[in-house]
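For reference, the structure discussed in these notes is given below.
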């Protein structure tokens, strides 16, 4: 995929279209880490926040409830 660097105010930027954003599982407002390697390669890595304890507990409860029959058979 080829992109062109464009003028954005006093800076420069690259526009990410919706398909690219979907592929990278990114949305407006997400943060990325920018790494520049020797030779000029630029790597953008999404910062994916971990889930908190409340969300983990809620997800576990939902999965246990949804699969209660399976868990009974396995025990």
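A short reminder: the numbers here are calculations on the coordinates, not readings from a lab. Note that this is a predicted model, so its numbers are computed, not measured. Glycine gets a Cβ as well: all are built from the backbone with ideal geometry, and neighbour counts include every protein chain shown.
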**Request:** Provide the gained length on full extension for the span residue 67 to residue 18, in nm with one decimal, where the gain is 0.36 nm per separating residue minus the Cα-Cα distance.
**Result:** 14.1 nm
**Complete:** Taking the chain and counting helices only, DSSP H stretches of n ≥ 4 at -39,500 (n - 2.57) each over all residues, the nearest-500 ellipticity at 222 nm comes to -10000 deg cm²/dmol
**Request:** Under a 10 Å cutoff between Cα atoms, tell me which one of 50, 39, 29 has the largest fluctuation in the Gaussian network model of the chain.
**Result:** 39
**Message:** In Å, what Kirkwood hydrodynamic radius results for the chain from the alpha-carbon pair distances?
**Reply:** 16.7 Å
**Request:** Counting only C-alpha contacts under 8 Å and six or more residues apart, can you give the relative contact order of the chain as a whole percent?
**Result:** 14 percent
**Prompt:** What angle do you read, to the nearest 10 degrees and between 0 and 90, between the alpha-carbon axis of helix 53-66 and the longest principal axis of the chain?
**Reply:** 50 degrees
**Asked** Which of 45, 59, 35 moves the most in a Gaussian network model of the chain with Cα springs under 10 Å?
**Response** 59
**Item:** In nm, spacing of pseudo-spin labels at residue 26 and residue 43 (7 Å Cα→C-beta vector)
**Value:** 1.5 nm
**Message:** Which of 55, 65, 25 ends up with the largest GNM mean-square fluctuation for the chain, with Cα atoms connected below 10 Å?
**Reply:** 65
